[in-house]
Amino acid sequence: MKPFLLITTRGEDDVAADEHAAYCRLTGLLPEELAWRRIDRAPLGPVDFGCYSGIILAGSPFTVSEPVERKSETELRVERELAELLDEVVRADFPFLGVCYGIGTIGAHQGARVDRTYGESSQAVRISLTPAGALDPLFYQLPAEFDAFVGHKEAISEVPSSVVVLASSQTCPVQAFRVGRNVYATQFHPELDTASFASRVRAYADHGYFLPAEIDSILEGVERADVRASHMVLGRFVEEYLDSRPAKPAAELGPLSLPQGA
């Protein structure tokens, strides 16, 4: 089978490794079935779509709406490389799922307004499918309403005509969307369960997603949340796009990053 490709941008080795493990766990993919490129560490380079079943762009401490002068050279490079990748992804309508940072990245690529109007602190929120979401091949099996973990400083406040909104919440009107037939994005985190979200909250306690004094109450809320339905987005993405044909030889896949200790 052709693997999926996970693209991440987290600088902390332990957080990055936990993220890759979380995607493996909730997609049901083995580590070797989820190729991994840490583009905060090295340039993305060419991506041959013929080598992969689909691409997942994970969340990030990077933000689309931060003024350019406040962004590091690494963040600016990452943005350029992702914009170039998305040019090809959208042109080919290649299976793609962007999560959190991914929704801002794809949204900005499509001309959406990405700002801090609808940021949400780290918590579980109730997500509702739109009429389009209820009919969408990736979302139609989800409940009409479900809980999911969020935590983001920015969000989409205005959408262009090329974006089909699939899910919303009271505090953030664009929780998921589709571009074309196969390019998806979620503001919420379908890859996080209770334990992994609690770990993420602790890792980013001083990054401005919430007041540090709130961490105990946030963790209590995490423990009470049932976000299992949100994980179906990942399962459906893999089911919908898994290509059982053999992948190209490993030498043709390009440089991959592996989890620490792997």
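Other residues whose C-beta falls under 12 angstrom from the C-beta of Val233 contribute a net charge of -1, scoring Lys and Arg +1 and Asp and Glu -1. For region 1-97, GluC sites (Glu not before Pro) are listed when DSSP marks them as loop and at most 14 other Cβ atoms sit within 10 Å of their Cβ; the list is Glu12. The amide H of Leu97, built 1.01 Å from its N in the peptide plane, has Ile55, Ile56, Leu57, Tyr184 as neighbours under 5 Å, considering only residues 5 or more places off or on other chains. Extension gain, Ala213 to Ala195, is 4.5 nm, computed as 0.36 nm per intervening residue step minus the present C-alpha separation.
Taking the three principal axes of the alpha carbon atoms in the chain, the coordinate ranges are 49, 40, 36 Å, sorted in descending order.
Protein heavy-atom surface of the chain, 1.4 angstrom probe: 52% of the accessible area is carbon and sulfur, with nucleic acids and ligands not counted. In region 36-84, inverting the average of 1/r over every pair of distinct C-alpha atoms gives 12.2 Å as the Kirkwood radius.
Remark on region 155-250: hydrodynamic radius 16.1 angstrom, per the Kirkwood mean of 1/r across alpha carbon pairs.
With both partners inside the chain, how many of the DSSP beta bridges are antiparallel, as a percent to the nearest 5? Roughly 60 percent of the DSSP beta bridges within the chain come out antiparallel. Using alpha carbons only, the radius of gyration of region 129-194 set against its Kirkwood radius gives Rg/Rh = 0.93. Computed with every protein chain present, the accessible area of Arg126 is close to 120 Å² [probe 1.4 Å].
Sorting Tyr184, Tyr241 by solvent-accessible area of protein heavy atoms yields Tyr241, Tyr184, largest first, with a 1.4 Å probe. For the chain, the solvent-accessible area works out to 44 Å² per residue, with a probe of 1.4 Å and every protein chain left in place.
Here region 1-78 is treated as a sphere whose radius is the Kirkwood value from Cα pairs; by Stokes-Einstein at 37 °C and 0.692 mPa s it diffuses with a coefficient of 243 µm²/s. Can you tell me how region 27-149 classifies by the Cα gyration tensor, rounded, prolate or oblate, using a/c under 1.5 as the rounded cut? It is oblate, given that a/c is not under 1.5 and a/b is not larger than b/c. For Gln187, nonlocal amide neighbours, meaning residues 5 or more places apart or on other chains whose placed amide H falls under 5 Å from its own, are Cys100, Ala176.
Between amide H atoms placed 1.01 Å from N, distances below 5 Å from Trp36 occur with Leu6, Ser257, all of them 5 or more places distant or on a separate chain. The figure for Val159 is an accessible area of roughly 70 square angstrom, using a 1.4 Å probe on the protein chains alone.
The values are calculated or read from the model by the stated rules, or taken from the named source; none is laboratory data. Everything quoted here is computed from the prediction, not taken from an experiment. Note: ideal-geometry Cβ built from the backbone for every residue, glycine included; neighbour counts use all protein chains shown. Ligands, DNA and RNA are stripped out before the accessible areas are found, and what is left, the full protein with its side chains, is counted by its heavy atoms. Shrake-Rupley method; radii C 1.70, N 1.55, O 1.52, S 1.80 Å.
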